[in-house]
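Worksheet: the structure to be examined is printed underneath.
The values are calculated or read from the model by the stated rules, or taken from the named source; none is laboratory data. All values derive from a computational prediction rather than experimental measurement. Here Cβ is always computed from backbone atoms with ideal geometry, including for glycine, and neighbour counts include all displayed protein chains. What goes into the accessible areas is simple: the full protein's heavy atoms, side chains included, and nothing from ligands, DNA or RNA. Shrake-Rupley method; radii C 1.70, N 1.55, O 1.52, S 1.80 Å.
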Amino acid sequence: MARETFLSYRSYVWFWLCFFALLAMTVVYLLDDPIGGKNGGTIVGYTYGGIATAGILFLMWYGIRKRAYFSARTTLKGILSAHVWIGIALIFVVPLHSGFSFGINVHTLAYVLMLLTIFSGIWGVAMYQRLPYEIQSQRGGGTLKVLMEQVRSISADINRMAASDGGKGAPKSDAFLRMLQQLDFVYQPSLWRSLRRKNPEPIERRSMADSLSSLPIEEQEDGLKLIGLLNKKRELVGRAQEEARALTWVRIWLYLHLPVSFGLIAALAVHIFSVFFYW
Amino acid sequence: MAFRYVTETVNKNGSKETSLKELDQSEILLGRGASSDILLTGRLVSLRHAQLVVGAESLTIQDLESLSGVRVNDQLITKVELHRGDVVKIGNYTFTVTRDDGVWGVLERRSDLAQEEDAEAVIDGQVKKLSFQSYIPSFTVLSVILSLVVVGFFFAAPLSGTNIRSWNSGPISNAHKMIENDCGQCHAEAFTRVRDAECMACHSMSDHAPSLPALVEKHPTLGFRCASCHMEHNGDAGIIATDVKLCADCHGGLDSLLPGTGTPEIPSWHAHPEFRVSVPQPVGAEQPFKKVSLDASDLSDPTKLKLNHQIHLEPDLAGRDGLVTMQCQDCHEPTDDLHEIKPINFERHCSDCHSLEYDERLPGQSVPHGSPDVVYNYLYAQYAQLFLRKEGVEEEQPSSRRRMPGRTEARLPDIEFSRASVNEQARNTEEALFTRTACHLCHFVTDMPDAGAGESRYAVESPAIPQKWMPDSTFNHGAHQEVSCESCHVDVRKSEKTTDLLLPGKENCYQCHAEAHVAGKVDSACVTCHSYHKPLVMEEDKKRTIERILMTRSGSFQASASRSSVGESRPQGSESRPQ
């Protein structure tokens with residue numbers, strides 16, 4: 001059996017709870033036939049509005065619960081499961097509240113912000129389903145910083161190899177440096193390139209052979225070593241970029257999810273205020 | 001020739017160290033190779049990279065087909081003459097050309113800082129470049145910005161009177177569009193539901209039923225307000241409530257709400273009792289009308305006329321101008337708006353066929369369609385006129401009678417008249433009209449032998465044709481004009497008696513009209529036929545001007561405040577519920 005996740009927590013208990021609650025609410029909605037048509041101002045409308053508000057406040061409370069490390073009554077996994085499934089259910093509760101009437105106004109703005117929050121959350125869930133396996137730092141690999149240090153030290157090795165001022169032997173031939181110039185690169189970290197997965201490829205065999213054949217005999221061995229180092233550097237850079245990409249996707253949705261949820265709270269407050277102000 | 005190679009190094013602590021190498025040759029080799037005069041390192045430098053040629057007045061640099069080339073003032077060159085102050089770049093080295101006391105030289109500036117930069121800081125910088133967090137503001141900043149935008153545009157702005165539309169919870173009904181942006185017109189008080197006073201400022205309504213105001217007063221918790229039924233901000237859907245249950249919630253149980261009144265319980269259109277017609281009662285009865293169900297056995301049209309629909313609808317009847325086949329609307333003429341049927345009028349609907357000529361010796365002469373006294377006095381006057389004319393007392397007047405087609409010019413009949421015979425003629429003709437011919441044909445006539453002079457000796461019962469049989473409902477004939485009259489008023493062609501009431505019952509309506517959502521039927525609510533309360537014309541002093549309705553368009557609170565400060569703009573007594 002698959003490992004229990006926050007989605008499948010206790011055999012999807014929160015999914016089923018939300019599903020049946022939604023089902024019941026839909027049935028009540030369909031049976032309800034209020035004077036003047038279904039809208040947020042009927043008894044069912046007010047009730048569903050209250051339920052949706054309570055739901056939103058519960059979802060916001062997750063931010064507090066998450067940091068309550070000594071809370072023992074509930075598990076964070078259970079709360080996260082409720083957070084996700086209730087959030088998804090709210091997508092449907094609000095139209096039932098408003099009688100499916102939407103417009104260009106602060107009321108619909110609150111719904112749009114809620115949808116943005118929820119869908120960014122769903123996006124986050126999807127990222128969490130896939131990407132953790134790609135974050136090497138969580139799977140025994142180095143962190144970005146370690147990778148950067150490795151790139152830097154291997155670059156230093158390469159530089160040392162090219163340098164002739166070590167006192168040992170003659171300076172490297174121009175052909176050796178030309179080969180280095182062709183196959184090496186100065187790594188400029190770029191998030192944009194990482195997100196587009198523009199990772200350096202390993203050196204092609206043909207250019208390897210061409211370069212080696214241009215070297216004087218006495219430098220052939222160093223040339224082979226250099227190619228080894230260059231390939232290692234390319235691999236390290238690729239890994240760093242992959243790490244940056246995974247880390248970005250697994251976290252960036254939160255930068256939509258959290259601020260928009262606060263915007264939603266503001267819009268929700270204005271919505272409730274305005275409908276009762278102009279009752 | 002002398003040449004100076006000066007190296008200036010800036011230490012970490014900022015102090016400078018200068019080293020000088022003096023060369024005394026005219027060709028100076030720069031490169032990585034051991035034979036170089038100025039030894040440069042780095043992967044961008046060739047073994048033999050460039051050569052300086054030092055002259056007394058000139059200094060020239062030449063690229064020796066190097067790996068990465070030579071740049072002078074950022075221009076890639078092969079061979080060029082240098083001047084004081086020129087900047088020469090080879091690989092990672094930068095030289096500035098100097099000429100002091102007539103001696104050429106180059107100055108190389110090095111910075112230990114640059115070379116031995118904190119590796120830690122470099123790596124941190126690189127990690128930062130790969131972290132998206134360094135490109136966007138923090139959670140807190142984003143949250144605060146977004147919340148402020150929402151509050152600013154959708155709370156502060158509407159409160160100050162702009163962007164008030166963003167609070168509109170739904171489309172306003174078409175009739176109220178001109179006050180759409182002036183919330184205060186209806187929402188006069190914050191956090192209070194729209195009060196009737198705001199509705200009654202423009203609208204005046206009749207009561208629905210005499211019992212309703214009492215009911216409202218007795219049960220204030222019912223919270224009957226205009227807006228309980230008239231829902232705004234739902235487009236045109238809610239403003240005129242058509243829900244059956246709005247009526248049915250009282251009318252479905254009127255027997256318990258108003259016990260003893262005998263008002264029928266009507267929970268739905270389907271359960272509607274058979275229609276009841278208002279039958280006029282004889283003069284002196286307790287009520288002028290009595291409601292009788294269409295399926296009652298004692299149902300009868302009390303109209304005092306001898307009308308036979310069957311005969312009237314037979315083809316080829318003798319009309320004034322030849323044969324006619326009558327249609328319903330020949331007598332039952334629709335009103336101009338096609339909604340209703342005009343009252344039956346003798347001159348318009350009967351006289352074409354039913355002539356009131358009274359004396360065959362006087363063709364074309366008709367008595368007026370009036371009361372018996374009018375008829376008798378007319379007859380007397382006509383015969384007296386003839387008598388007088390015969391006597392020659394009165395000049396013969398030029399004939400103003402219309403010549404009837406097909407008849408010869410009327411001329412005075414050859415009758416011997418005398419004073420005594422005028423009265424006799426008048427009475428004889430009267431008797432003929434009222435007991436045998438014209439009047440008798442349609443009307444119920446009573447003989448009153450002791451009539452005085454100048455009075456008819458007959459009385460005609462007023463026909464009293466009811467104009468509206470079902471005054472509590474509205475029926476639009478025009479809306480049904482594609483359907484033949486007889487498809488609802490069935491058995492008209494079989495009706496021989498005036499007492500036959502030829503009105504359609506509810507089963508007839510059920511053919512097309514059903515409650516909502518029955519396939520193939522017209523959705524019909526109570527208000528399809530009944531109106532809850534008829535709008536009344538507003539009293540003149542309560543009316544407002546268009547200016548006053550529109551002047552506060554953009555406003556919200558200031559608007560409603562200024563409006564309530566104009567005391568007279570609130571109609572008197574508008575605070576109370578409709579009475």
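Remarks
- Only residues that are among the aliphatic types (A, V, I, L, M) and within 7 Å of another protein chain (Cβ to nearest Cβ) were counted in segment B:127-162, giving 7.
- Scanning segment B:47-75 for residues that are of a type in the set (A, V, I, L, M, F, W, C) and farther than 21 Å from B:Gly105 by Cβ, we see that the one that is surrounded by the fewest Cβ atoms within 10 Å (Cβ to Cβ) is B:Leu67.
- As a summary of the residue check, A:Phe273 satisfies the conditions (1) closer than 23 Å to A:Arg160 by Cα; (2) at pLDDT 90 or above except for the one numbered (1).
Listed here are the residues, each with its yes/no results for (1) within 14 Å of chain B (Cβ to nearest Cβ); (2) loosely packed, with under 13 Cβ neighbours inside 10 Å.
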site	(1), (2)
A:Ser11	no, yes
A:Ile35	yes, no
A:Ile43	yes, yes
A:Gly55	no, no
A:Arg67	yes, yes
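- Sole exception among (1) within 26 Å of B:Ser206 (Cβ to Cβ); (2) open to solvent by 70 Å² or more (accessible area, probe 1.4 Å) for B:Trp469, by number: (2)
Every residue, every condition in (1) over 17 Å from the mean Cα position of the chain (by Cα); (2) assigned by TED's automatic domain parsing to the domain that holds A:Ser120; (3) of a type in the set (A, V, I, L, M, F, W, C); (4) modelled with pLDDT of 90 or more, yes or no:
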site: A:Leu224; (1), (2), (3), (4): yes, no, yes, no
site: A:Tyr255; (1), (2), (3), (4): no, yes, no, yes
site: A:Phe262; (1), (2), (3), (4): yes, yes, yes, yes
site: A:Leu268; (1), (2), (3), (4): yes, yes, yes, yes
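- Residue tally, condition open to solvent by 70 Å² or more (accessible area, probe 1.4 Å) and touching a residue at least 24 places away in the same chain (Cβ under 8 Å), over segment A:130-157: 1
- Among the residues of segment B:46-65, those that are within 14 Å of chain A (Cβ to nearest Cβ) and either part of a strand (DSSP E or B) or touching a helix residue (DSSP H, G or I) at 6+ places or on another chain (Cβ under 8 Å) (or both) comprise B:Ser46, B:Leu47, B:Ala50, B:Asp63.
- Any hit, segment A:65-77, residues being part of a loop (DSSP other than H, G, I, E, B), free of Cβ contacts under 8 Å to residues at least 24 places away in the same chain, in contact with a Lys or Arg (Cβ under 9 Å, 6 or more places away or on another chain) and of a type in the set (D, E, K, R): no
- Count of residues meeting criterion [surrounded by 17 or more Cβ atoms within 10 Å (Cβ to Cβ) and not in a helix (DSSP H, G or I)] in segment B:243-258: 2
- Any hit, segment B:37-45, residues being open to solvent by less than 70 Å² (accessible area, probe 1.4 Å), within 10 Å of chain A (Cβ to nearest Cβ) and of a type in the set (S, T, N, Q): yes
- Only residues that are of a type in the set (A, V, I, L, M), in contact with a helix residue (DSSP H, G or I) (Cβ under 8 Å, 6 or more places away or on another chain) and open to solvent by 50 Å² or more (accessible area, probe 1.4 Å) were counted across segment B:294-323, and they come to 1.
- Scanning segment B:128-146 for residues that are in a helix (DSSP H, G or I), in contact with a Pro (Cβ under 8 Å, 6 or more places away or on another chain) and either closer than 30 Å to B:Asn11 by Cβ or open to solvent by less than 70 Å² (accessible area, probe 1.4 Å) (or both) returns B:Lys129, B:Phe139, B:Leu142, B:Ser143, B:Leu146.
- B:Asn174 exposed (fewer than 15 other Cβ atoms within 10 Å of the Cβ) and either more than 8 Å from chain A (Cβ to nearest Cβ) or under 30 Å from B:Ala201 (Cβ atoms) (or both): yes
- Only residues that are more than 19 Å from B:Lys304 (Cα to Cα), assigned to a loop (DSSP other than H, G, I, E, B) and either of a type outside the set (D, E, K, R) or modelled with pLDDT of 90 or more (or both) were counted across segment B:341-355, and they come to 2.
- Failed criterion for A:Tyr62 (all others in (1) open to solvent by less than 40 Å² (accessible area, probe 1.4 Å); (2) aromatic (Phe, Trp, Tyr); (3) without any contact (Cβ under 8 Å) to a residue 12 or more places away in the chain hold): (3)
- For the residues B:Ala190, B:Ala227, the requirement of being at pLDDT 80 or above, aliphatic (A, V, I, L, M) and not in a loop (DSSP other than H, G, I, E, B) singles out B:Ala227.
- In the set A:Arg193, A:Arg234, A:Arg245, A:Arg239, only one residue is away from chain B (no Cβ under 13 Å), of a type outside the set (S, T, N, Q) and open to solvent by 10 Å² or more (accessible area, probe 1.4 Å); that residue is A:Arg234.
To keep it simple, each residue is scored yes or no on (1) more than 12 Å from chain B (Cβ to nearest Cβ); (2) crowded, with 18+ Cβ neighbours inside 10 Å; (3) in a helix (DSSP H, G or I).
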{"site": "A:Pro202", "(1), (2), (3)": "yes, no, no"}
{"site": "A:Ser207", "(1), (2), (3)": "yes, no, yes"}
{"site": "A:Arg251", "(1), (2), (3)": "no, no, yes"}
{"site": "A:His257", "(1), (2), (3)": "no, yes, yes"}
{"site": "A:Val270", "(1), (2), (3)": "no, yes, yes"}
